[in-house]
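The values are calculated or read from the model by the stated rules, or taken from the named source; none is laboratory data. Note that the coordinates shown come from a computational prediction; the quantities given were computed from them, not determined experimentally. Every residue, glycine among them, receives a Cβ derived from its backbone with ideal geometry; neighbour counts consider all protein chains shown. We work out accessible area using only protein heavy atoms, side chains counted, and drop any ligands, DNA or RNA first. Shrake-Rupley method; radii C 1.70, N 1.55, O 1.52, S 1.80 Å.
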Amino acid sequence: MKTTAAVLRSAQEPLSLEELDIDELRPHEVLVRIVGSGICHTDLGMIATAEPDAAPIVLGHEGSGIVATVGQDVDSIEPGDHVVLSYNCCAECDNCARSLPMHCRDFVPLNLLGARLDGSSVLRSGGEQVRGHFFGQSSWATYAVANEQNCVRVARNLPLALLAPLGCGIQTGAGAVLNTLNPEAGSSIAIFGTGSVGLAALLGAVVAGCGTIIAVDIQPARLAKAADLGATHTINSAEENVVERIREITGGAGAQYSVDCIGLADVVRSALECLQSPGVCATVGFQGIPNEISFDQGHLLFGRSLIGVIEGDAIPQEFVPRMIDLYQAGKFPFTELVDTFAFGQINEAIEAVHQGKVTKAVLTFDESTPVNGVTGE
Ligand SMILES: [Zn+2]
Ligand SMILES: [Zn+2]
């Protein structure tokens, strides 16, 4: 079996489209013909910083597609099924057993290292092993090997390519609000950073019925988009004192909830300090580790809490269908965040993400018409 994949051969280099060999599937693996695959900041972080022994690797972890074949022990997925691919988990450890797959004990090796747990990879270029299995998929490829436990089956009448980012970026933002914070209808929430994750969080806040939704960013165009999608207030934090402004908007009290989608010290601190008592701040942004942040304990003492969130605390098999139901009901217009690019334009798509020209880039693997008019020229 062959696949055409975008291969990262060394950090900060353009990806090269190469034909690779796919070895035999293991019993719980699933071969998927990819239809759509998003570009997420975790991919960009790998491209920026990959160590020499971490390459060559095929990235991509927001895939969607059609199941081609399945391993001999797969029983929940069949050839022909339409699937959204999400993060991988072992399905066996204590946290997986208690329905916390986002905290799988093997989350890092299963998702970030580009190999199976035994260090092997299903991908080869002639005699050379190529790292695959990134988030259990490596879906910047025409065919990808996923696993039974990270496939979410979806209905066949949906725009499959556009569903791809539900598996990571959209789930991360919307889940931080709907799963982690679960705000009451009418409550106040401040969202720091209005890229794809922040805008997905905003869509989650609209679904939850938050009465005051404050979007914070330093880019006017992003803030305008946030207002279009349901922010009741926007703050340009390069121009205004964000904590004071949030207090003003909330009648002096502060916000009941906040979401940090950036991970920079000043932003996390503001997201904590803008809370009322009690209040909860979910931190989702990631700037690499170590990332030491200091704040005054006084901001926590009065019933405030700061919680770290991975993958939106989402169980993909439950949360992806929930997001799709909301989308079909017109209550979760996540496709407004998406611009599509043909797979062959992957380097142009990555550049467009770097330049902030698009919110969520999704690669498509057929000649379908681009949405929202951006083709990545
Ligand atoms: Zn596990
Ligand atoms: Zn991601």
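Can you classify the stretch 173-309 as rounded, prolate or oblate using the Cα gyration tensor, where a ≥ b ≥ c are the square roots of its eigenvalues, rounded means a/c under 1.5, and otherwise it's prolate if a/b beats b/c and oblate if not? In terms of gyration-tensor shape, rounded.
Sorting 47-58, 251-262 by their mean Cβ neighbour count within 10 Å, with the most densely packed peptide first, gives 251-262, 47-58. Taking square-rooted eigenvalues a ≥ b ≥ c of the alpha carbon gyration tensor, is the stretch 1-147 rounded, prolate or oblate, where a/c under 1.5 means rounded and, failing that, a/b exceeding b/c means prolate? Oblate, since a/c reaches 1.5 and b/c is not below a/b. For a modelled paramagnetic label at Ala253, 7 Å from Cα along Cα-to-Cβ, the residues of the stretch 166-193 in reach, with backbone nitrogen under 17 Å, are 182-191.
Heavy atoms only, probe 1.4 Å: what % of the accessible area of the stretch 6-80 goes to carbon and sulfur, would you let me know? Roughly 49 percent of what the probe reaches on the stretch 6-80 is carbon or sulfur. Taking Cα centre as origin and charging only the Cβ of basic (Lys, Arg, +1) and acidic (Asp, Glu, -1) residues, the dipole magnitude of the stretch 173-309 rounds to 240 debye. Where the alpha-carbon atoms of the stretch 219-377 are placed on the principal axes, they occupy 56, 34, 33 Å, in descending order. Measuring nothing but how far apart in sequence close Cα pairs (under 8 Å, 6+ apart) lie, relative to its length, the chain scores a relative contact order of 16 percent. Accessible surface calculations at 1.4 Å, restricted to protein heavy atoms, place the stretch 1-146 at 40 Å² per residue. Taking Cβ atoms as reference points and 11 Å as the exclusive limit, the residues near Asn241 contribute a net charge of -3, counting Lys and Arg as +1 and Asp and Glu as -1. Taking the charge dipole of the chain about its Cα centre, with +1 at Lys and Arg Cβ atoms and -1 at Asp and Glu Cβ atoms, the residue from Gly211, Ile289, Thr3 reaching farthest to the positive side is Gly211.
Got a sec? Which residues in the stretch 41-70 would a label at Ser16 touch, if it sits 7 Å along Cα→Cβ and we count backbone N under 12 Å? Within reach of a label on Ser16, which here means backbone N under 12 Å from a point 7 Å along Cα→Cβ, the stretch 41-70 contributes 56-57. The relative contact order of the stretch 173-309, computed from alpha carbon pairs under 8 Å that lie at least 6 residues apart in sequence, is 22 percent.
Heavy-atom accessible area for Thr234, with the other protein chains in place and a 1.4 Å probe, reaches approximately 60 Å². Contact order, relative form, for the stretch 228-316: 24 percent (alpha carbon pairs under 8 Å, 6 or more residues apart, mean separation divided by residue count). For the chain, the tally of Lys pairs with Cα-Cα distances below 19 Å comes to 4, considering only residues 8 or more apart or on different chains.
The Cα center of the stretch 4-18 and the Cα center of the stretch 162-177 differ in position by 25 Å. Ranked by the mean number of other Cβ atoms within 10 Å of their residues, highest first, the peptides 125-133, 173-181 come out as 173-181, 125-133. The stretch 244-294: D in µm²/s via Stokes-Einstein (Kirkwood Rh, Cα pairs, 10 °C, 1.306 mPa s)? Estimated diffusion coefficient is 141 µm²/s. Summing Lys and Arg as +1 and Asp and Glu as -1 over all other residues whose Cβ lies under 12 Å from the Cβ of Ser10 gives a net charge of -2.
Legend: calculated FRET efficiency, Arg153 to Lys357, from the Cβ-Cβ distance at R0 = 35 Å, rounded to 0.05, equals 0.55. Of the residues Leu300, Ile246, Tyr87, the one whose Cα sits farthest towards the positive end of the charge dipole of the chain is Ile246 (charges of +1 on Lys and Arg Cβ, -1 on Asp and Glu Cβ, taken about the Cα centre). On a 0 to 90° scale, report how tilted helix 196-208 is relative to the longest principal axis of the chain, with both axes built from alpha carbons and the result rounded to the nearest 10. It works out to around 60 degrees. Temperature 37 °C, viscosity 0.692 mPa s: under these conditions the Stokes-Einstein estimate for the stretch 165-253, based on its Kirkwood radius over C-alpha pairs, is 256 µm² per second. Between helix 316-328 and the chain there is an angle of about 70 degrees, using the helix long axis and the longest principal axis of the Cα atoms. For the chain, the Kirkwood radius over C-alpha pairs fed into Stokes-Einstein at 25 °C and 0.890 mPa s yields D = 117 µm² per second. Taking 7 Å steps out from each Cα toward its Cβ at Asp106 and Met1 produces label points 1.9 nm apart. With the simple model of a label 7 Å out from the Cα in the direction of the Cβ, Leu113 to Ile289 spans 1.4 nm. All C-alpha pair distances within the stretch 203-279, sorted into 10 Å bins from zero, spread as 19, 56, 25, 0 percent across the bins.
Taken about its Cα centre, the chain carries a charge dipole of about 640 debye when Lys and Arg each add +1 at the Cβ and Asp and Glu each add -1 at the Cβ.
How about the stretch 177-281: which GluC sites (Glu not before Pro) there are in a DSSP loop, with at most 15 other Cβ atoms within 10 Å of their Cβ? Hits after loop and neighbour filter: Glu184, Glu239, Glu240.
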